Amino acid sequence: MSLSRREALLTMAAPAVLPGGVPEVDFGGHKVSRLIVGGNPVSGNSHVSNALDREMADYYTADNVKKLLRNCELAGINTWQSRGDRHIMRLLREYRNEGGRIQWIGQTASELADVPRNINDMAAMGAIGIYHHGSRTDKAWVAGQIGQVHDMLKVMRQAGVRVGLGTHIPEVVDYVEDKGWDLDFYMTCVYNLTRAPEESSRIAGRTITGEFFHEPDRARMLERVRRTSKQCLIFKIYGATRQCGSAEARKAAVDLVFDSAKPGDAVVVGMFPKRSEQVEENCRLVADSIARRPV
């Protein structure tokens, strides 16, 4: 029996399908895997160094992006989270034209002048959810302009997609919860990467010039994840490689998050399988962590 084009593409260099797979949860009528593949590596954003940024950008040709998405689908990851820029939407269109079925959650592309148009373009591309870029949310918060973010969430609601808010700052979640904003999910980063260098240096007790990954941040954001009734998509769970020094460290990082995650929450993990397999390992870690917890 001959294979369809999609079946042929999905069997090329495919990882093993894990027994039981990654559990799924409801996402506004869609079923999403509780492990979602993130988009930062595809866009050359390592949060480690300029050299690694360039290496990621060089590795992620269109073919390698599509290979990653195919392998994710086969392993049980059915959703991709990534920026809603023209480059990403072009790659997604190409992948779907070749038979890929992965679902997409889009992030507003902050460099675009017309964010409402960007939101509507993502909705037209079939995004099942759109969220406001966390770094831009946090800049608005610090500047006392958080109301502008609320306006963009209203545009998302009008576009007919699931409405999300990204942030690295736990107090933003507190504020939005208190005000009762109309949204469906949070993109919650477990590290607060928005501190000014002066504040980071004071906390660290040494000079900090770049992003500061402060370990106590994880507990503070995960407390908000537990507290809110809204669905949370939790990211930076490995601290952009800082919790990846060993298999035991990766397991501990996943377990820490699922100790706090509600049954309807999920994690978002960017993957860069240039030197080592990552899709199957992440699926196994997430599935095993969930399986050890009461239903």
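Can you classify the range 171-295 as rounded, prolate or oblate using the Cα gyration tensor, where a ≥ b ≥ c are the square roots of its eigenvalues, rounded means a/c under 1.5, and otherwise it's prolate if a/b beats b/c and oblate if not? Since a/c reaches 1.5 but b/c is at least a/b, the shape of the range 171-295 is classed as oblate. Of the GluC sites (Glu not before Pro) in the range 77-182, the ones in a loop by DSSP (not H, G, I, E or B) with at most 16 other beta carbons within 10 Å are GLU98, GLU111.
In this structure the amide hydrogen of ARG162, modeled in the peptide plane, comes within under 5 Å of the amide hydrogens of GLY129, ILE130, none closer than 5 places in sequence on its chain. Taking only the C-alpha atoms of the range 69-198, the Rg (one decimal) and the largest Cα-Cα distance, Dmax (whole number), read 15.3, 49 Å. Taking amide H as placed 1.01 Å from N in the peptide plane, the amide H of ASN78 sits under 5 Å from that of SER33, each at least 5 places away or on another chain. Extending 7 Å from Cα along the Cβ direction at GLU111 and again at MET125 yields two label points whose distance is 1.4 nm. Ranked by the mean number of other Cβ atoms within 10 Å of their residues, highest first, the peptides 225-232, 134-141 fall in the order 134-141, 225-232. Pairwise Cα distances in the range 230-295 exceed 17 Å in 37 percent of cases. Tally Lys/Arg at +1 and Asp/Glu at -1 over every other residue whose Cβ is under 11 Å from the Cβ of PRO273; what's the total? With Lys, Arg at +1 and Asp, Glu at -1, the net is 0. Of CYS189, MET156, VAL176, which is farthest on the positive side of the dipole of the range 156-206, counting Cα position, with +1 on Lys and Arg Cβ, -1 on Asp and Glu Cβ, and the Cα centre as origin? Towards the positive end, the residue furthest out is CYS189.
At q = 0.14, 0.29 Å⁻¹, work out log10 I(q)/I(0) for the range 133-184 with the Debye formula, treating every Cα as an identical point scatterer and leaving solvent out; two decimals please. Once normalised to I(0) and log-transformed, intensities are -0.31, -1.28. Charging the Cβ of each Asp and Glu at -1 and of each Lys and Arg at +1, and nothing else, the dipole of the range 87-196 about its Cα centre rounds to 320 debye. Relative contact order of the chain: what whole-number percent is it, with Cα pairs under 8 angstrom and at least 6 residues apart? It rounds to 19 percent for the chain. Determine the shape class of the range 10-134: with a ≥ b ≥ c the square roots of the Cα gyration tensor eigenvalues, call it rounded for a/c under 1.5, and otherwise prolate if a/b is greater than b/c, oblate otherwise. Here the range 10-134 falls in the oblate category. Pairs of Lys residues in the chain are counted when their Cα atoms are under 18 angstrom apart and they lie 8 or more places apart or on different chains; the count is 10. Computed over the chain, the per-residue total of -39500 (n - 2.57) for DSSP H runs of n ≥ 4 gives a 222 nm mean residue ellipticity of -13500 deg cm²/dmol, rounded to 500.
Taking amide H positions as modeled 1.01 Å from N, with prolines and chain starts lacking one, the residues under 5 Å from GLN231 and 5 or more places away or on another chain are TYR186. About its Cα centre, the range 172-229 has a charge dipole of approximately 240 debye under the convention of +1 per Lys or Arg Cβ and -1 per Asp or Glu Cβ, with nothing else charged. Just the protein heavy atoms count here, and of the accessible area of the range 171-295 at 1.4 Å, carbon and sulfur take up 50 percent. Inter-label distance, ARG96 to THR241: 3.3 nm, where each label sits 7 Å from its Cα along the C-beta direction. What the chain shows is 46 Å² of accessible area per residue, with the surface traced by a 1.4 Å probe over protein heavy atoms. All other residues whose Cβ lies under 12 angstrom from that of LEU233 are scored, Lys and Arg at +1 and Asp and Glu at -1, for a net of +3. Under a model in which nothing but the beta-carbon of Lys, Arg (+1) and Asp, Glu (-1) is charged, the chain shows a dipole of about 360 debye around its Cα centre.
Taking only the C-alpha atoms of the chain, the Rg (one decimal) and the largest Cα-Cα distance, Dmax (whole number), read 18.5, 66 Å.
The values are calculated or read from the model by the stated rules, or taken from the named source; none is laboratory data. A quick note: this is a predicted structure, and the numbers were derived from the prediction, not measured. Neighbour counts are summed over all protein chains in view; Cβ atoms, including those assigned to glycine, are modelled from backbone coordinates with ideal geometry. Each accessible area value is taken on the protein alone, full model and side chains, heavy atoms only, with ligands, DNA and RNA left out. Shrake-Rupley method; radii C 1.70, N 1.55, O 1.52, S 1.80 Å.
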